[in-house]
Amino acid sequence: MSEIKKPDSNEIIKPPQESEKKSTPEIGDIVKEGEHNITQATGEIANNNQNILQNIEKNPNATAENIADIKQIVAETNQEISGVAKEKDIKLTELGLEQPEANEEENKDITEINNLLNQELTKINELKKVLTEVKNINNKTAKEKKIILLEKITAIEGTDQAIALRRLSRKETTSEGLSAERSKATQKINSVDRLLTKQPDSSLQEKNNVLKDKLNESFLEKYQINAELDLLLKKINLDLEKEQTNTPTENESKRFSKEDQRIKDIEDIQNIETADMAKEKIDKIMNTIDKNNTLDTTHMKELPQRILMKFVANKKPMEALKLFDYIINKDKNITSVIMVEAVKNILDQIKKINPDRYDMINDRIKSKIEFDNYDDMIGNLPVGITK
Amino acid sequence: MNNTAQNKKKIVKEIYALTLLKIKKIKNDQDKKIDKILKKIDKSQIDKIRNSINNLK
C-alpha cells in the first residue's frame, strides 16, 4: 500500500464533512466515508453498465455475438469489483475494524428500493391490463392488433420506443425482464446486504428481507406476464403472416401448421399441473420435432423452462424439483438466468415448507449440475437477486 | 500509542484509496474492451456502406 502516492489518496478520499470540524477524524469516520465513496463509485458503474447493455441491445448493427461479448465483459467487471471489495474487507478485518453502523443513508436506500419495486409492480399490472385488452380484441386485423400492442407497451415502458420494438420484432419476451427499476433495486439491496454482513442490524435486516421477497415476487410476475405477452405476440405475428400470404405454398402451409402447433404446446401449459404430466408432454413433443430446425430446438429448450417457472410461481417446489431433475438429466447446462432463478426459488420454498429436507435437496441439486460457482451463484444468493 | 492510532488511520485511508483505484482501473479496462467491440461494429457498418457505394458505381 505504500506505493500509493499521497496526492492520489487525497484526491479520492475526501475528508468526511463531520470530521472537517474536528482536528483529527475518528477512524470510524474514515471507514464510513470510505464505504460511502465505494458504494457511490460501484453504484455509478452499475448504472453506467446498465445503460451500456441497454444501448447495445438497441443497436441495430450489433450482432448477437457482440451483445454476448459485452454482457460477458460486464459480468467479469462485476466479479472483479466484488473481489476487490472482498479484499478490502479482509484487510479491514485484519486491522480489527468494525464497519459503520447502519445509518440514515441505508434507511433512505430501503425507502428507495421499495419505491423502485412499487414502480416495477405498477408496470407489471399495466402490462397485465394490456394483455387482457388486446387478447379480447376481435374486430381488428392482426396488423391493427400488433400496432395497438406496440403503442400500449411503449406507453408503459416509457418514451423509449426501442424497448417495445425489440419486444415485438425479436419476439423475445421470455427473458427475465430486467428493467432499470429491478436492476437498481437489486444493486441497492446487495449494497445494504454487504453492510449487514459487516454490521448486523436486525431491524434493517428484516426490512431488507421483505424487499428481497418483494423483488423475487416481481421477478416471478414479470416472467409470467412476459411469457404471456410473448405467446400473444407469437399468435399475432403468425396471423399477420397468414393475412399477408394470399395463396400459401406447400412449404408455407407446413410452416404455418408447425407454428400453430408450437403455439398450442405453449397454451397447453396451463393444463399441466404435475411434473409427470409435464414429462409426458415434453417427451411427446420431443418425438415430433426436427432437431435440425433452430425454431424447433429453441421451442424444446424454452417449453420445459416455462413449465418449470409455472410450478415455481404457483409455489409447487416438489413438482418443480421433479421436473428440474428431468430437465437436468437431458441438459446439464443451467447457466440461463431463468434456470438459476428457478433453482433458487425451489430451494427457498423448500426451506420455508420443509426446512429439514433443505440440506439434502441442496446437495442433491448441487451434485447434478455442472456449475463451478454453485455456492456463489445459488447456495448463497437470495431469490430474485442475480449476480 | 498515538503513533499507532495515527498509523492505523493512515493504513485505513490507503486501503480505501487503493480499493477505489482498483475499481476505477477495472472500469477503465472494461470500457476499453467495450470500445473495441463498438469500433468493430462501426467498422462493419462503414464496410457495408462502402460496398453498397461500390456496387452502385
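We did not get these values from a lab; they are worked out from the coordinates using the rules stated. Just so you know, these numbers come straight off a predicted model, no measurement behind them. Ideal geometry is used to build each Cβ from the backbone, glycine not excepted, and the neighbour counts take in all protein chains shown.
Hey, got the average number of other protein chain Cβ atoms within 10 angstrom for residues in A:63-76?
Shielding by partners across A:63-76 averages 3.
What net charge do the residues around A:T141 carry, taking every other residue with its C-beta under 14 Å from that of A:T141, with Lys and Arg at +1 and Asp and Glu at -1? Provide the component values of the computation, followed by the final result.
Values: positive: A:K140, A:K143, A:K145, A:K146, A:K235, A:K242; negative: A:E144, A:D239, A:E241, A:E243.
That sum, taken over residues with Cβ under 14 Å, equals +2.
Would you mind classifying segment A:231-294 by shape? Square roots of the alpha carbon gyration tensor eigenvalues, ordered a ≥ b ≥ c; an a/c under 1.5 is rounded, otherwise it is prolate if a/b is larger than b/c and oblate if not.
In terms of gyration-tensor shape, oblate.
Of the listed peptides A:118-126, A:321-329, what is their order by residue-averaged count of other C-beta atoms within 10 Å, with the highest listed first?
Final packing ranking: A:321-329, A:118-126.
Over the residues of segment A:255-373, compute the C-alpha Rg and express it relative to 2.2 N^0.38 Å.
It is 1.10.
Give the peptides A:127-140, B:20-33 in descending order of average Cβ contacts within 10 Å, highest first.
Listed from highest to lowest mean packing, they are B:20-33, A:127-140.
Output the Cα-based Rg and Dmax of chain B in Å, rounding Rg to one decimal and Dmax to a whole number.
Answer for chain B, Rg first and Dmax second: 24.6, 83 Å.
Can you put A:V343, A:V192 in order of Cβ neighbours within 10 angstrom, beginning with the fewest?
A:V192, A:V343
Which net charge results for the neighbourhood of A:K322, defined as the other residues with beta-carbon distances under 9 angstrom from its beta-carbon, given Lys and Arg at +1 and Asp and Glu at -1?
Details: positive: A:K279; negative: A:D276, A:E319, A:D325.
So the environment of A:K322 carries a net charge of -2.
Fewest Cβ neighbours within 10 Å first, please rank B:L38, A:L233 accordingly.
B:L38, A:L233
Could you tell me how many degrees, from 0 to 90 and to the nearest 10, lie between the Cα long axis of helix B:2-56 and the main elongation axis, the longest principal axis, of the Cα atoms of chain B?
With both axes taken from Cα atoms, the answer is about 0 degrees.
When you look at the Cβ of every residue in B:24-37, what mean number of other chain Cβ atoms sits within 10 Å?
5
Taking R0 as 30 Å, what FRET efficiency do you get between A:M360 and A:N78 from their Cβ-Cβ distance, rounded to the nearest 0.05?
My answer for the efficiency is 0.40.
Could you work out, residue by residue across A:52-62, how many beta carbons of other chains sit within 10 Å of that residue's beta carbon, and then give the average as an integer?
2
Need one number: nm distance between label points at A:K242 and A:N114, each 7 Å from Cα along Cα→Cβ, rounded to one decimal.
4.9 nm
Within the set of other residues whose C-beta is less than 14 Å from the C-beta of B:K43, count the net charge using Lys and Arg as +1 and Asp and Glu as -1.
Numbers: positive: B:K36, B:K39, B:K40, B:K48, B:R50; negative: B:D35, B:D42, B:D47.
Residues near B:K43 contribute +2 overall.
Quick one: which of A:K143/A:K258; A:K146/A:K315; A:K58/B:K22; A:K258/A:K279; A:K188/A:K315 span more than 23 angstrom between C-alpha atoms?
On the way: A:K143/A:K258 21 Å; A:K146/A:K315 33 Å; A:K58/B:K22 31 Å; A:K258/A:K279 21 Å; A:K188/A:K315 27 Å.
In this structure, A:K146/A:K315; A:K58/B:K22; A:K188/A:K315 exceed 23 Å between Cα atoms.
Taking the number of other C-beta atoms within 10 Å as the exposure measure, put A:F256, A:F219 in order starting with the fewest.
Neighbour counts put them in this order, fewest first: A:F256, A:F219.
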